[in-house]
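Worksheet for the structure shown next.
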């Protein structure tokens, strides 16, 4: 009983005269920790090379498999947020924040064990399910708290809370890189390809060393820039090194636990009826013009109103478009520009790109949410969808031009386009709580916001599914086209198997686009940069639907509001 009283909502009511600006740092701290999820793509290159280390081995996880870990986490973020929204209103943000800390850090700890044991299902359970619950609980607890403290600046308040989530990768991306490099151990190097006796069995490469057969991976000249830590090209023994990702998970989990618990204990709530000094609610004319209400809608009633579902579509499609790129950001950068500009775009450049995504994601959350206080939420989202549609359509054109000319200016243009996309992606997240408060009132915004975040769960499936499935399909087509341009005798000499075994060789990761390009005729264009084109067209279509849904939003009718009594 004493413990439950200590964590109760009444224990964190702020005394009169409390400085409300003491709350944002705690909210931002929790969101910075859970926002490291946006740096997930930093782990991708290491997770697909847990066995091979320098490149993917036959039994390593695929990119699609590891991206789905991120997807599961986002799904459980939305599901747990939907449940936690009502719970938050009852127990207060401190209790929710503490449980979030335990789940998020525990997910990393279990994920570390999963990588060490090479058990993909355990990684899904740890980081995906348990860590995802930590994401959802940690996400909703600061938002409603800050909106209550800043009724005069709802957009800015939501932007402050959610800014940390978008900026989490600013800290996490370089930290994750350095931790993995610190724990990295290169595998045993056998020498150049022509110095090692190689044999292909069931599509997999083996080397004969001192009378013993060892599974090996081969790194070509074009693949050196994609190694976790650059080394010589040639033959490496599978299972003799360490990518460093498992211990990095463990260290990160411990750090997040300390920071999130400290922040959770700093939460305070305003006293009932509290208002900022010298502030008055907006007059009726201004409320009507900007669709702002001072009355409240019960969370159960909100689910019966069309406006809730229009906002659900708005959030879902805006997030789907952005999250499809977030999950593979590092890989996408090296795919599109790695072969055309290898001297610029390497592993470290791609990691910096992920960091800059987080910077613009974070800046967009504060900028657009604050701007929505003046523009209005509906007009702000119209900008997101209208401008975003054009930006997504420009990416396939940029990919085509860079493959044709290899000019660095297209890298600059791609950088600018994607950074603008991520400001609006972050701005969409930060503005939606204020949009909800405008339409349904601030009293139950935490519960309604939690339920709306099921749109994020849906987007977390749609986005990664679209980009990995469409990319894989495009990659398979590119491999088969390249294989047809290679001399059959050269193919056998390089891979130790005839061309009719191509599907098996691709499945065992013996044949890749990069390895085929080394055998292709001079002047053959690398198709890797076009692997994402179909996905970009699909995302542009979703944004057009989102624009239409936003244009249909109208103020909530009086009959749905709670009575004044």
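Things to note:
- Rounded to 5, the percent of DSSP beta bridges in the chain classed as antiparallel: 95 percent
- Using a simple spin-label model with pseudo-atoms 7 Å out from Cα toward Cβ, residue 221 and residue 405 lie 2.7 nm apart.
- Using alpha-carbon coordinates, inclination of helix 409-440 to the longest axis of the chain, degrees: 30 degrees
- Radius ratio Rg over Rh of the chain, counting only Cα atoms, Kirkwood formula for Rh: 1.03
- Cβ crowding within 10 Å, taken as a proxy for footprinting-reagent exposure, orders 149, 547 from fewest neighbours to most as 547, 149.
- Mean Cα-pair separation over length for the chain, i.e. relative contact order, pairs under 8 Å, 6 or more apart, %: 24 percent
- Ranked by how many other beta carbons lie within 10 Å on average, peptides 106-118, 62-74 from highest: 62-74, 106-118
- If you plug the beta carbon distance of residue 344 and residue 265 into 1/(1 + (r/R0)^6) with R0 = 30 Å, you get a FRET efficiency near 0.05.
- With contributions of -39500 (n - 2.57) from each DSSP H run of at least four residues, the per-residue ellipticity at 222 nm computed over the chain stands at -21000 deg cm²/dmol.
- Computed E for residue 507/residue 562 - FRET, C-beta separation, R0 60 angstrom, nearest 0.05: 0.50
- Spin-label pair residue 62/residue 481, simplified geometry with 7 Å Cα→Cβ offset, distance in nm: 2.0 nm
- Residue ranges 503-511, 240-248 sort as 240-248, 503-511 when ordered by packing (mean number of other C-beta atoms within 10 Å per residue, highest first).
- Mean shadow area of the range 361-519, taken as a quarter of the surface of its Cα convex hull (nm²): 12.5 nm²
- Per-pair calculated FRET efficiency, R0 = 25 Å: residue 554 and residue 9 via Cβ, rounded to 0.05: 0.15
- Panel values: the range 132-262, Kirkwood radius from alpha carbon pairs, Stokes-Einstein at 25 °C and 0.890 mPa s, translational diffusion coefficient 130 µm²/s.
- Computed lengthening from residue 374 to residue 415, 0.36 nm per intervening residue step minus Cα-Cα distance: 11.9 nm
- As a rough footprinting exposure proxy, the listed residues 467, 147 were ranked by other beta carbons within 10 Å of their own, and the order from fewest upward is 147, 467.
- Cβ-to-Cβ counts within 10 Å put 343, 431 in ascending order as 343, 431, the fewest first.
- Using alpha-carbon coordinates, inclination of helix 131-149 to the longest axis of the chain, degrees: 30 degrees
- Rounded tilt (10° steps) of 245-264 against the dominant C-alpha axis of the chain: 10 degrees
- Simple spin-label estimate for residue 382 and residue 304 gives 3.2 nm between the two label positions (7 Å along the Cα-to-Cβ direction from each Cα).
Where a number appears in this text, it was derived from the coordinates with a stated rule and is not lab data. Keep in mind the model is a prediction, meaning the values are calculated, not measured. Note that each Cβ is placed from the backbone with ideal geometry, even for glycine, and that neighbours are counted across all protein chains shown.
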